[in-house]
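A.B. asks: Here you go, one structure.
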């Protein structure tokens, strides 16, 4: 138990960062709910929750296997995956910027006039 005292600050930082993902996750879901079309919203939430849950479940298992092979591998693989996802996001953003925009429809009722 006391052999881990030298890495205790790193463990503390990891817990703080893991807590930060939950704050960002809630903001991400709120933004997705506002930007998703109503007919695709349930599918979008299902896909995001399945992928997020799978990442939180299988991520530590995969990272431990990589760490067992070489302690540098989890960081190398996560860095490569980050750059790959950044490329996917830039590509999808460019495609969505070129796509024709639909007109926004006002769905909220207007002010009620008193009698």
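Readers should treat all values here as calculations from the given coordinates under stated rules, not as data from a laboratory. Because the structure is predicted, anything quoted here is derived from the model rather than measured. In this analysis, Cβ positions are derived from the backbone assuming ideal geometry, glycine residues included, and neighbour counts consider all displayed protein chains.
A.B. asks: For a test of the definition: using alpha carbon positions, the gyration tensor, and the 1.5 limit on a/c, classify the stretch 20-96 as rounded, prolate or oblate. Working shown, then result.
C.D. replies: Values: a/c = 2.70, a/b = 1.74, b/c = 1.55.
Here the stretch 20-96 falls in the prolate category.
A.B. asks: Can I ask one more? What is the spin-label model distance, in nm, from residue 43 to residue 21 if the labels are put 7 Å beyond Cα along the C-beta direction?
C.D. replies: Taking the two extended label points, one gets 2.7 nm.
A.B. asks: What's the extension gain from residue 29 to residue 51 if we count 0.36 nm per residue and subtract their Cα-Cα distance? Could the numbers behind the result be given before it?
C.D. replies: Details: separation 22, 0.36 × 22 = 7.92 nm, distance 1.30 nm.
This chain segment gains 6.6 nm when fully extended.
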